[in-house]
Structure formats: C-alpha cells, structure tokens
1. Quickly run through the stretch 110-134 and pick out the residues that are surrounded by 12 or more Cβ atoms within 10 Å (Cβ to Cβ) and of a type in the set (A, V, I, L, M, F, W, C).
2. Among the residues of the stretch 146-171, which ones are surrounded by 13 or more Cβ atoms within 10 Å (Cβ to Cβ) and over 12 Å from Glu191 (Cα atoms)?
3. For Arg129, only one of the following conditions fails: (1) basic (Lys, Arg); (2) free of Cβ contacts under 8 Å to residues at least 12 places away in the same chain; (3) assigned by TED's automatic domain parsing to the domain that holds Leu42. What is its number?
4. What about Leu168, is it under 25 Å from Leu8 (Cα atoms), in contact with a Leu (Cβ under 8 Å, 6 or more places away or on another chain), in contact (Cβ under 8 Å) with a residue 24 or more places away in the chain and not charged (D, E, K, R)?
5. Just to be sure I understand, how many residues within the stretch 34-81 are at pLDDT 75 or above, surrounded by 14 or more Cβ atoms within 10 Å (Cβ to Cβ) and not hydroxyl-bearing (Ser, Thr, Tyr)?
6. Which numbered condition trips up Thr184, out of (1) on the phi < 0 side of the Ramachandran plot; (2) free of Cβ contacts under 8 Å to residues at least 24 places away in the same chain?
Amino acid sequence: MQIYADRLPTAVRQIVTDLVVVIWVYLWIRAALWLHDLVSRLAGPGRTLQDAGTGLADNLADVGGRVGRVPLVGDELTSPFEQAAGAARSVAEAGQEQQELVGDLALALTATMLIVPIGLVIFGWLPLRLRWIRRASAARRLRTAPAGQDLLALRALATRPIGSLAALGTDVAEGWRRGDPQVTAALAALELRSLGLRPPS
C-alpha cells in the first residue's frame, strides 16, 4: 500500500497536511473536553444540594427514630420529623436531577461542538486521502507490470490536461497507438508524476 508519494514535494505536502489534520482534530477534542468540564462545574450546586438534603434527611430520620421511643407521645412526635425528612429527600432528589441535567447538557454541547470539525475530516479530507492511496497503490503495481505502462499511458491520455499532453509532442496519441515505447513510457511517467510517484528505473 502506498501511503505517501515517492516524489519529495508531494510527500512533504501530504505529511504536512496529515499533521495539520491530526493537530486540528486534537485541538477540537481538547476544546470540547474543556467545554464539557466547564459546563460540568454547573453541577456543583446540585451536588451540594443533594448532599445537604441527604444529610438532613438522615439526621431527621435518626432524631425521629429516637423521639419515637418516648413513651406515650413518641408516635405523635415522630410524624413531623418524618415529614421533614421526606421534604429533605425531595431536596436531595432535586439536586440529583440538576446534576443529571447538567451532565446531559455538557454531553450534548460537547457532541455538537465536535460534529462540524470531525465531519469535515471524515467526509472531506479522509475520502480524498483514501482515494489517493488506492490510486497510487494501483499505479505502483502497474508501473512494474508487463502491460502496466500501456494502461498508465492510456490513463494519462484520458485524464491529463491538454497542455501536459501537448508538451510531450503533437503526435503523442498517434505514437501511443503505434505502440512507440518512448511515447508510452513518457505518458506513463506523466501519469505517475501526477500522483507523486517516480517512473520505473
């Protein structure tokens, strides 16, 4: 598999582009994680509320249990403590719900922040990079195959700009039809150069 070009200018451009993409993804992930941490801090009051409500409910339940052991009036005195403990548990549940809401918000904002930059990489850069790898790998196999020069020459005739073909001579198509080895080699080299590959030595 041909990952990078043989020719230095194309290889350098590919390596620099790949590094830029990696840095781009890394920076966006770091920014998304920073945003997630920033939003997650909003859950602090919810944790405080939950802890305070839970602690208060436990204390009230404990006091109510002790008051309930008082002879004759214990059952009547327990009821207000149980109601207060229930209210404290409601406060704790509200704090927990706030934390869950903040967690969902942090996750949604993080995902939203990453959709566009990661989408550009996956649907923009990556298909072009994979397409070049497939084409360059196939061309590398063809340049040493017996009939590979002819196929590369035909590809050059079909896809290379008119100016590039004209630079090889005005009768380049005729030379290829005649099977002129020099013309075929020149066309194949033109196609290989367009991919950043060297012609066979």
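1. Correct list: Ala111, Met113, Leu114, Ile118, Leu120, Val121, Trp125, Leu126, Trp132, Ile133.
2. Our first condition is that a residue be surrounded by 13 or more Cβ atoms within 10 Å (Cβ to Cβ); within the stretch 146-171, this holds for 148-157, 160, 164-165, 168-169.
Across the stretch 146-171, the qualifying residues are Leu168, Gly169.
3. Result: Arg129 fails condition (2) only.
4. Working: under 25 Å from Leu8 (Cα atoms): yes; in contact with a Leu (Cβ under 8 Å, 6 or more places away or on another chain): yes; in contact (Cβ under 8 Å) with a residue 24 or more places away in the chain: no; not charged (D, E, K, R): yes.
No: the conditions fail for Leu168.
5. 15
6. Result: Thr184 passes all but (2).
Results for (1) at pLDDT below 85; (2) among the small types (Gly, Ala, Ser); (3) over 30 Å from Gly196 (Cβ atoms); (4) assigned by TED's automatic domain parsing to the domain that holds Pro199, shown as yes or no for each residue.
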position	(1), (2), (3), (4)
Asp18	no, no, no, no
Ala88	yes, yes, yes, no
Gln96	no, no, yes, no
Val121	no, no, no, no
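The values are calculated or read from the model by the stated rules, or taken from the named source; none is laboratory data. Just so it is clear, the model here is predicted, and its values are computed rather than measured. Cβ coordinates were reconstructed from backbone atoms using ideal geometry, including for glycine residues, and neighbour counts include every protein chain displayed.
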